[in-house]
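This report concerns only the one structure given below.
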Amino acid sequence: MSEMMNENNGSFSLTEKMSDLMIFVPCFIVLFAVALLGQMVGIHWRKWLSGAEGSQNIFVGIKAAVYTFMSHIN
């Protein structure tokens, strides 16, 4: 039992980090394109993306929205 507890110490393997990156990057690009389009048209895009409501910066808002999305799919 103690062996199982020691193996799961909160550190992630390289494959887990890469899989998270493979999810994060495409989602960031898609949501950035949506937010940029909304910004150029003048629509309040922060209401569309969960996690980005209170952000002042587009990059911070998109990053928060992507992490919120990733928490729902994990």
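The values are calculated or read from the model by the stated rules, or taken from the named source; none is laboratory data. Not measured: the values here are computed from a predicted model. In this analysis, Cβ positions are derived from the backbone assuming ideal geometry, glycine residues included, and neighbour counts consider all displayed protein chains.
Scanning for something modelled with pLDDT under 85 and either in a loop (DSSP other than H, G, I, E, B) or exposed (fewer than 13 other Cβ atoms within 10 Å of the Cβ) (or both), does region 64-72 turn up at least one residue? Looking through region 64-72, at least one residue is modelled with pLDDT under 85 and either in a loop (DSSP other than H, G, I, E, B) or exposed (fewer than 13 other Cβ atoms within 10 Å of the Cβ) (or both). Taken over region 16-60, the criterion of being modelled with pLDDT under 85, within 23 Å of Ile73 (Cβ to Cβ) and polar (S, T, N, Q) is satisfied by Ser50, Ser55.
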